[in-house]
1. Here are B:Leu212, B:Leu280: which of them is under 20 Å from A:Ala205 (Cα atoms), within 14 Å of another protein chain (Cβ to nearest Cβ), surrounded by 19 or more Cβ atoms within 10 Å (Cβ to Cβ) and of a type outside the set (S, T, N, Q)?
2. Among the residues of the range A:332-356, which ones are of a type in the set (A, V, I, L, M, F, W, C) and surrounded by 23 or more Cβ atoms within 10 Å (Cβ to Cβ)?
3. Being without any contact (Cβ under 8 Å) to a residue 60 or more places away in the chain and among the small types (Gly, Ala, Ser) is the filter here, so list the residues in the range B:27-84 that pass it.
4. Which of (1) within 12 Å of chain A (Cβ to nearest Cβ); (2) surrounded by fewer than 17 Cβ atoms within 10 Å (Cβ to Cβ) does B:Pro130 not meet, given it meets every other one?
5. Among the numbered criteria (1) within 17 Å of the chain's Cα centre (by Cα); (2) modelled with pLDDT under 95; (3) polar (S, T, N, Q), which single criterion is violated by A:Ser122?
6. What is the residue count in the range B:163-181 for residues that are of a type outside the set (Ser, Thr, Tyr) and at pLDDT 85 or above?
7. Against the definition (open to solvent by less than 50 Å² (accessible area, probe 1.4 Å) and either within 14 Å of another protein chain (Cβ to nearest Cβ) or out of contact with any Asp or Glu (no Cβ under 9 Å at 6 or more places or on another chain) (or both)), how does B:Ala242 come out, yes or no?
8. Run down B:Leu157, B:Leu121 and say which single residue is in a loop (DSSP other than H, G, I, E, B) and in contact (Cβ under 8 Å) with a residue 24 or more places away in the chain.
Amino acid sequence: MRSKVLGTLVAAALAAVSTLSAEAADRIKIGFISTLSGPSAALGVDIRDGFQLAVKMAGGKVGGLPAEVLVGDDQFKPEVGRQLAEKNVRLDKVNFLTGMVFSNIMLASVPVAFESKVIYVSPNAAPSPFAGKQCNPYLFVASWPNDAYHEAAGQHATNRGYKNAYLIAPNYQAGKDSLTGFKRFYKGNVAAEVYTQLGQLDYSAELAQVRAAKPDALYIFLPGGMGINFIKQFVAAGLSKDVPLIVPGFGSDQDIIRPVGDAMLGLFDTAHWAPDFDNAANRKFVAAFEKEYKRIPSVFAAQGYDAALLIDAAVRDVKGKVEDVEAVRKAMKAARFESVRGAFKFNRNQMPIQNYYLRVVARDNQGRLVNKTIGTIFKDHGDAYVQECEMK
Amino acid sequence: MSWILILEQSLNGLQFGLMLFLLAAGLTLVFGIMDMINLAHGSLYMLGAFLASTFVQLTGSFLAGVLLAIPATAVLGMLLEVSILRTLYTRDHLSQVLATFALILIINELVRLVWGSDAALPMPAALSGPVELLPGLRYPAYRLVIIGVGLAVALVLYLLVAKTRVGMLVRAGASNREMALAMGVDIKLLFTLVFGAGAALCAVAGSMLAPLLAVQVGMGENILILAFVVIVIGGIGSIRGALVGAVLVGVVDTIGRAFLPILLGAFFQPRVASAAGPALASVMIYLIMAVVLYFRPQGLFPARG
C-alpha cells in the first residue's frame, strides 16, 4: 500500500517535471515543400490548396495554435527539395514538414527531417523502402503506401478477366513500386513491362509498341504532365478505341481530366477516396474546396487536407506541447480526426490500413467530368512490406 | 515484329529528327560562321513556344499564332545578337559558354515573370485524331503535319543556302571566315541575319512541338543538348550535316527506345532487359556521337575543307 502511494507520488512528480520541460508552444511552424511549377505542378498545387483550406477552415490555426505554413517549390528537382528541407529544418526550425508529391524528391529530402527528429507527414509519396526495412518513427503517411493503388488496379484487372496486360511506368522508385504492386494482384499474363524516362513527354515510340502488341488492357502509372501527354497522344493515335486503359486514381483525376476532356469519359481507376464519398467530413471538405477554389478537388487535394487534419489532431491532443516529439508521435498514431476517406488506422510502419475503391469517370448532375465510386476492391488493406519493418 | 510497326516507328523517328534539325540548323550556322557557342539557343526555342501560345490565344487561330510567333522570335533573336552576343565573338569559347549560360538563367526567370512557369497551347481540334495511312497503320494527323512542315523548311533552307546570294555568303563565311571578310562581305549584317534566321527556326520547332509536349520554363535545355549532339555528328557549320545528323539521332533514339528492350529480352532475363533497355536506349545517341568522333573528328559533312 505504502509503496503504491509512493509510486503514485513519484509518477506525479515526474509528470510535473516533464510538463515543465515541455512548455506548450505559442505557435506552430510547418514546412510545406511541393512541386509547384512545371508540367506536374497541378499535383503540388492541389495538395497545397487542400492543406491551406484545412488551416483556413480552422481559423488559421493548427491544433488550436496560430499556424505559419512556409510554402516552397521543389521545381520537380530532388536537390532543390533537399535544400528547402535543410532550410526549413535547420533555419526555420519548423515543427512539422510535409507537402512533397514525388517519391524521388521525398527520398532525397526527408532524411534531413529524420536526423533532427522532425516529423514528416506525407500527403502523397510513400515509397516501399520506407514501408519496410527503412521504416522511420518520424514518418507518417496520410495518403496510401506507393503500391496500394496499383495493387487495387491489379485486382480490378483480375476481376475483369484480362489475360494479357501491357504495363508502362517511369523509371524511378515509385514507377517500380507501381508495377510490382500491380503484378502482385494481377493473375494474367504481362505482355510487356516498359519503363520510360521520368518526365518524358513524347510517347510516340511506346504507343506504336502498344499498338503492335495488341494487349487486352493497358495499365499506365504516369503522374502529372506525363499522364496528360500520354493520354492525349493515346487518343490522337486512335488507340483508345482498341485498348482499354486502366490507371491508378490520380491517373484520371481532375488535373488530367481538365486538359484532356471528354476522352476521359468511362475510364476506370482505383483510389482510396472520391469526391462523392458520403460522410460528413467529406461533404464539408468538397463543398468548401469548390467554394474556395472554383474547381472539383482531386485525390491530391483530399490528401493535403487530411495531412493538415492529422497534424491538427496531434497538436490538439498533446495540448500544443509539440516539443515533446514522442507524445506527438503517439497522438499521431491514434489519428483522432474525421478523415474525408472515412475510417482508417495506422499500421506498425505508420502507413494507413484502409479501403480501396473502383471509380469511373462520369458526368455529375452539372455535366462536369468527375470520378464516381462504383465498388470496393479491398477492405482494410495494408501493405506487403510491413513485416520487414522493425519498428514497434 | 511487323513491318507496319517498323514503318510507324520510322515515322516517329523522322518526326523527332526533323524538329531537332530545325534547332540544329540555326545552332550549326552560328557555331560555324561566327565560331560562337550559343547555349541560349534553347531559350529562343522556349520563347518561340511561349510567344506562339500568346498569339494563338489572341488570334484564336493556331496557324496565325504560329506565323506571328516566328517573326517575333526572329526579332528577339536579332536584338539579343546586336545587344549582347556581338561583343562575345572575339572572346574565347569559355567566356561564350559562361555568358550564354547566364543568358539561359536570365531568360528563364524573365519568362517566369511574364508568362508564369507554363502556358497552354492546345492542338488544333481538326488535327487531334489519327489518319489511316495504310490498312492497319493509323498515324496521328498532327505528327504528319510536323513531318510535312519539317520537310518543307528543310527544302526552303536548302534552296536558300545553295541557290541564293545570301546563301553563298553564308557558305563562304562557314568555310573560311577570314577570307570572306577579306573579300569585303558585310559580316556584321550577315551575322545578325543568320542569328535571326536561327531564332525563327527555333520558333517553328518550339511552336510545332508545344501541343505535343508542354510549354514550360526550361523546355529548351534538354533539347539543346541533343541539338549539340546533332551538329557534332553532322559537322559544324554544315546544314546538310545537321539534317543527316538530326534524322539519325531522331531515328536511333526512337528505334532504341522501342526495340532495344525487346532485343535485350532475347539474350537476358526479362527483369534485366526491362531495366537495362531504357538505360541503354538513352545513351545510344551518345555512343553514336563517340563513334563518329573517333572515325571522323570533323563530323560526317565538315563545312571546312
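1. B:Leu212
2. A:Met332, A:Val340, A:Met351 - these are the residues of the range A:332-356 that are of a type in the set (A, V, I, L, M, F, W, C) and surrounded by 23 or more Cβ atoms within 10 Å (Cβ to Cβ).
3. B:Gly60, B:Ser61, B:Ala64, B:Ser83
4. Status for B:Pro130: all satisfied but (2).
5. (2)
6. Number satisfying all stated conditions: 6.
7. Judged against the criteria, B:Ala242 is a match.
8. Only one candidate passes the filter, namely B:Leu121.
The values are calculated or read from the model by the stated rules, or taken from the named source; none is laboratory data. Keep in mind that this is a model prediction, so the values were computed, not measured. Note that each Cβ is placed from the backbone with ideal geometry, even for glycine, and that neighbours are counted across all protein chains shown. In case anyone asks, the SASA skips ligands and DNA or RNA and just uses the protein heavy atoms, side chains included. Shrake-Rupley method; radii C 1.70, N 1.55, O 1.52, S 1.80 Å.
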